[in-house]
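A.B. asks: Once you've had a glance at the structure underneath, I'll fire off some questions.
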Amino acid sequence: MTDPQWWREMLTVDASLAARVDDDYPLTSKLGSFGLAFSDLCGDLTEQQRGRILEIVERVLASGDEEDRSAVATGFLEALLHKWDDGFDLESIWPLMGPLSREHCLAWNAFGGVESPAWMRPT
C-alpha cells in the first residue's frame, strides 16, 4: 500500500527525522518511530519545523480517514506522551499543538489515570 501524501510531506520537514524511520513497517509503527525521533531531536528543529509537523498531525486528525487518524493518534501522539513520561518537555511544544491533538493527549492521560498538569488543561 502506498503511504498517504501527508506522511510523505511530514518526512520532508527534516531529513534527520526521516532517516530514523524504517519504511518496512506499517504506518502506525512508522509514526511511532517518527514521534520518538521528534521528541529526541525536538531541540534541534526550528519552531517552524516543529510547527509544520504538528500542523500536519492536526490536519490529519481533522480531515483524514479513520485509519490515518488512528495512526497519527496512536503512533505519533502517544509516542510523545510516552517520551513525556521519560522527561521529554512536552510543555515546550504544547502551544504549537492543535486542539484535536491536545484533546487526544488529555483523553489518553485520563484513560491511563494520569493527571494532566495545569498547563495541559484548557483554560
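A.B. asks: Please indicate, with yes or no, whether at least one residue in segment 97-106 is open to solvent by less than 70 Å² (accessible area, probe 1.4 Å), part of a loop (DSSP other than H, G, I, E, B) and at pLDDT 95 or above.
C.D. replies: yes
A.B. asks: Here is a check on your reading of the model: is residue 69 part of a loop (DSSP other than H, G, I, E, B), without any contact (Cβ under 8 Å) to a residue 24 or more places away in the chain and in contact with a helix residue (DSSP H, G or I) (Cβ under 8 Å, 6 or more places away or on another chain)?
C.D. replies: no
A.B. asks: State the number of residues belonging to segment 58-80 that are out of contact with any His (no Cβ under 9 Å at 6 or more places or on another chain), crowded, with 18+ Cβ neighbours inside 10 Å and hydrophobic (A, V, I, L, M, F, W, C).
C.D. replies: The number of residues fulfilling the criteria is 5.
A.B. asks: If we scan segment 45-63, do we find a residue that is modelled with pLDDT of 95 or more and not in a helix (DSSP H, G or I)?
C.D. replies: yes
A.B. asks: Based on what the data block shows, is residue 121 of a type outside the set (Gly, Ala, Ser) and closer than 17 Å to residue 62 by Cα?
C.D. replies: no
A.B. asks: Now for a separate question. Mind listing just one residue for me: the one in segment 107-123 that is of a type in the set (A, V, I, L, M) and assigned to a helix (DSSP H, G or I) and, of those, least open to solvent (accessible area, probe 1.4 Å)?
C.D. replies: In this case the residue turns out to be 107.
A.B. asks: Among residues belonging to segment 1-31 that are of a type in the set (Gly, Ala, Ser) and surrounded by 13 or more Cβ atoms within 10 Å (Cβ to Cβ), point out the one that is farthest from residue 46 (Cα to Cα).
C.D. replies: It comes out as 29.
A.B. asks: Got at least one residue in segment 19-34 being assigned to a helix (DSSP H, G or I) and closer than 22 Å to residue 117 by Cβ?
C.D. replies: no
The values are calculated or read from the model by the stated rules, or taken from the named source; none is laboratory data. Since we're looking at a predicted model, the values are computed, not measured. Note that each Cβ is placed from the backbone with ideal geometry, even for glycine, and that neighbours are counted across all protein chains shown. Accessible surface is based on the protein model in full, side chains and every heavy atom, while ligands, DNA and RNA are left aside. Shrake-Rupley method; radii C 1.70, N 1.55, O 1.52, S 1.80 Å.
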